[in-house]
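Heads up, the thing below is written out as structure tokens.
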Amino acid sequence: MRAIFWLFACVSVGVGAFWVWTNFPEARSIVQDLVPTGKFQTLEMRYTAETIMNHHRRELLKDDQHTYLEPTLTYYPYLLLEVKYNRNQEKTGEGIILWSLVDGEMVINTHNWETTHGFMDCINANAASKEFKVINALALRNGILDREKLSKALNVDDRTLDAWVDSCRKKNLIVQSGNNYRLHLQEPKLQVKPETELNHWLVTKTSREANRISRRFRASQIETTAKAAFGDDFAIRKTTEIFLPVYSIVIQNPDGSQMTTYWNALNGKRIDQPIHFE
């Protein structure tokens, strides 16, 4: 009887764990954070550090007194989302989105790795669909509207408008200046198509490189924000965590100081200093 009891208990725990894993992405994210795997998927490096260093030698090395130090390679985590959305009244759009798990922003295109600005604040504020209705209405109109125009844009009654606006203000997503409401962001970039523009095929490979940047955001947070931002017709088919290889190319200056530059190994472009959240 004891053996049967333990067998029944193990089966029950297994079924329960499978149900939680299937239905709660938050739980999956926590487990993946606690139990990292040795292998991981990375975007294919199309440029070597040596190629970038040689091509940009005149830009990076001002004279013979400046020298290169040994470059390093670091991997930054992204979430690849396979999505579909309502492109227009007659056509459904399908594609992928690359979304950073470090700075919380979506990649708009892979040519110059242009990204959105403002989604990190929305994730941190746990912005829901009602807040995004206000945010999107403002974003469509240069980030600022007076109360009357905002009410017309949202097509809601005064009570609903007050509730939505107050919620956004409490979460520091918008600010009020007199009779105007504006996005509480410097140069926001949120009104984008829910699809990353691909300038070349994305190829992934399995790697065992150890130098990976820690995630700041979980996959479930990105999924929740994307669904709230892009509306009811937006659906996520599948998500995969992948990593972007980034070179750190260091220049030794004559006075002994060093300058570090960062380069995207996928497109060979220089990028601003990446955000690290340790």
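The values are calculated or read from the model by the stated rules, or taken from the named source; none is laboratory data. Quantities reported herein were computed from a predicted structural model and do not represent experimental measurements. Ideal geometry is used to build each Cβ from the backbone, glycine not excepted, and the neighbour counts take in all protein chains shown.
Going by what's in this entry, would Asn142 be described as outside the structural domain of Asp232 (by TED's automatic domain parsing), out of contact with any His (no Cβ under 6 Å at 6 or more places or on another chain), in contact (Cβ under 8 Å) with a residue 12 or more places away in the chain and at positive phi?
Here the answer is no, as Asn142 does not meet what is asked.
Do we have any residue at all in the stretch 71-93 that's in a loop (DSSP other than H, G, I, E, B), of a type in the set (A, V, I, L, M, F, W, C) and under 12 Å from the mean Cα position of the chain (by Cα)?
Checked the stretch 71-93: no residue is in a loop (DSSP other than H, G, I, E, B), of a type in the set (A, V, I, L, M, F, W, C) and under 12 Å from the mean Cα position of the chain (by Cα).
Identify, from the list Gln221, Gln252, Gln176, Gln258, the residue that is touching a Gly at 6+ places or on another chain (Cβ under 9 Å), modelled with pLDDT of 90 or more and not small (Gly, Ala, Ser).
Numbers: Gln252 fails: touching a Gly at 6+ places or on another chain (Cβ under 9 Å); Gln176 fails: touching a Gly at 6+ places or on another chain (Cβ under 9 Å); Gln258 fails: touching a Gly at 6+ places or on another chain (Cβ under 9 Å).
Only one candidate qualifies: Gln221.
Return the residues of the stretch 238-278 that are loosely packed, with under 13 Cβ neighbours inside 10 Å, outside any loop (DSSP other than H, G, I, E, B) and over 17 Å from the mean Cα position of the chain (by Cα); say none if nothing qualifies.
Once the filter is applied, which keeps residues that are loosely packed, with under 13 Cβ neighbours inside 10 Å, outside any loop (DSSP other than H, G, I, E, B) and over 17 Å from the mean Cα position of the chain (by Cα), the stretch 238-278 yields Gln258, Met259, Thr260.
Across the stretch 142-164, what is the number of residues that are out of contact with any Gly (no Cβ under 9 Å at 6 or more places or on another chain) and either assigned to a loop (DSSP other than H, G, I, E, B) or among the charged types (D, E, K, R) (or both)?
Summing the residues that are out of contact with any Gly (no Cβ under 9 Å at 6 or more places or on another chain) and either assigned to a loop (DSSP other than H, G, I, E, B) or among the charged types (D, E, K, R) (or both) in the stretch 142-164 gives 12.
Restricting attention to the stretch 204-218, does a residue exist that is assigned to a strand (DSSP E or B), touching a helix residue (DSSP H, G or I) at 6+ places or on another chain (Cβ under 9 Å) and of a type in the set (Val, Ile, Thr)?
So far as the stretch 204-218 goes, no, none of its residues is assigned to a strand (DSSP E or B), touching a helix residue (DSSP H, G or I) at 6+ places or on another chain (Cβ under 9 Å) and of a type in the set (Val, Ile, Thr).
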